[in-house]
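Engineer: Following this message is one structure expressed as structure tokens.
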Amino acid sequence: MEFVVISLLNGITYGLLLFMLSSGLTLIFSMMGVLNFAHAGFYMLGAYFAYQISSWVGFWPGLLVAPLLVGVVGAMIERYGLRLAHKFGHVAELLFTFGLAFLVEEVVRLIWGNSSVDYPIPAELDGTLFTLFSTDFPIYKGFMMLISVGMLVALYGLLTRTRIGLIIQAALTKPDMVEALGHNVPRIFMLVFGGGTALAGLAGVIGGNAFITEPSMAAAVGSIVFVVVVVGGLGSLGGAFVASLLIGCIQTFSVALSISVTDVFALVGIALPQGSQISRLTITQLAPVLPYILMVGILIFRPRGLMGARES
């Protein structure tokens, strides 16, 4: 029972962090039709900006300022880079963001070096929130969950309860009509791209000290973010939320399970050949590839994702 409850809490925490990261990518794709391959790079920038600001003035100013800086960087990239590539089609946009991902990583290496940096959890959040069974649940994980849920509520409220949210949703489906009503659609796109990258930066601020802040951190989460978006359904924020929690729990539970693949298949009545390479594997060893196996299954049996809209 303790294993299930603690693994579930850890999985939800990780899943909410994935949602914070993937929600920006989903918002950008649903609005602009651009799969931003550099999205994880903005996550890394958020962590490094927060590290630098916190080393000067503390963690809490970094929590507020770093996502805003990342959002400004994202907006400028859209205005002076991605918008110029847009007229050459989606392939040019993909190539632009693909190259941007490498550029961001190299800039980080030039400024902060190749090694990890010391971006610690703030002292006031470094402790035990509660003890469940015999396991301590850290305050910082609770803080991560609070920020993630708060971001979800704020994003939902912005898109459904405010005038600018209604304009954004209208520009998603009827950009020509929105422009005819006097709204600057390119500026809306710039703000959406900046907002999406700011969400990635926020995920970097709270995830950078929970994990490791290093130049390879973008590559570590970049592929998982795209798995979340594909499994949830391209352009679906609700799908991204469900897929994030699902993948977070899958990875958390699988890492802690040492049972063999043979035992798992035996539960469903399938006997694997004894002595084969597959029969020697454990679920823990397969943990890194399980999200990709899930994605392949989704693409085969439900190509539009869990909550993606069926294309007409």
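Engineer: Run through region 68-100 and list the chymotrypsin sites (Phe, Trp or Tyr not before Pro) located in a DSSP loop whose Cβ has at most 16 other Cβ atoms within 10 Å.
Structural biologist: Numbers: sites: Y80, F88, F96, F98; in loops: F88.
Sites meeting the loop and neighbour criteria: F88.
Engineer: Between 0 and 90 degrees, rounded to the nearest ten: what's the tilt of helix 59-77 against the longest Cα principal axis of the chain?
Structural biologist: 60 degrees
Engineer: As a test of the formula, what do you get for the chain when each DSSP H run with n ≥ 4 contributes -39,500 (n - 2.57) and the sum is divided by the residue count, at 222 nm and rounded to the nearest 500 deg cm²/dmol?
Structural biologist: -23500 deg cm²/dmol
Engineer: With r defined as the distance between the Cβ atoms of W56 and N184 and R0 fixed at 35 Å, what FRET efficiency is calculated, to the nearest 0.05? Could the numbers behind the result be given before it?
Structural biologist: On the way: r = 36 Å, r/R0 = 1.02.
Result of the calculation: an efficiency of 0.45.
Engineer: If I take R0 = 25 Å and measure r between the Cβ atoms of D118 and L68 in this structure, what FRET efficiency does the formula 1/(1 + (r/R0)^6) give, to the nearest 0.05?
Structural biologist: Computed FRET efficiency for D118 and L68: 0.60.
Engineer: Put a dot 7 Å past each Cα toward the Cβ at H90 and I111; how far apart are the dots in nm?
Structural biologist: 3.2 nm
Engineer: Between F98 and T284, what FRET efficiency follows from the Cβ-Cβ distance if R0 is 41 Å, with the result rounded to 0.05? Don't skip to the end; give the middle numbers.
Structural biologist: On the way: r = 32 Å, r/R0 = 0.79.
For F98 and T284, the calculated efficiency is 0.80.
Engineer: Roughly speaking, what is the stretch gain from V296 to A220, that is 0.36 nm per residue apart minus the C-alpha to C-alpha distance, in nm to one decimal? Don't skip to the answer; put the middle values down first.
Structural biologist: Working: separation 76, 0.36 × 76 = 27.36 nm, distance 1.95 nm.
Separation in residues times 0.36 nm, less the Cα-Cα distance, equals 25.4 nm.
Engineer: Can you bin region 94-208 into rounded, prolate or oblate? Criterion: square roots of the alpha carbon gyration tensor eigenvalues sorted a ≥ b ≥ c, rounded for a/c under 1.5, prolate for a/b above b/c, oblate for the rest. All intermediate terms of the calculation are to be shown ahead of the outcome.
Structural biologist: On the way: a/c = 3.76, a/b = 1.48, b/c = 2.54.
Since a/c reaches 1.5 but b/c is at least a/b, the shape of region 94-208 is classed as oblate.
Engineer: What is the packing order of peptides 199-210, 240-251, taking the mean over residues of other C-beta atoms within 10 Å and listing the highest first? Each step should come with its number before you reach the end.
Structural biologist: Numbers: 199-210: 27.5, 240-251: 23.2.
In decreasing order of mean packing, 199-210, 240-251 become 199-210, 240-251.
Engineer: Using the alpha-carbon atoms, what tilt in degrees (0 to 90, nearest 10) does helix 139-161 show relative to the longest principal axis of the chain?
Structural biologist: For helix 139-161, the angle is close to 40 degrees.
Every read-out reported here was derived from the displayed coordinates using simple, explicitly stated rules and does not represent laboratory data. Everything quoted here is computed from the prediction, not taken from an experiment. Positions of Cβ are generated from backbone atoms using ideal geometry, with glycine treated the same way; all protein chains shown enter the neighbour counts.
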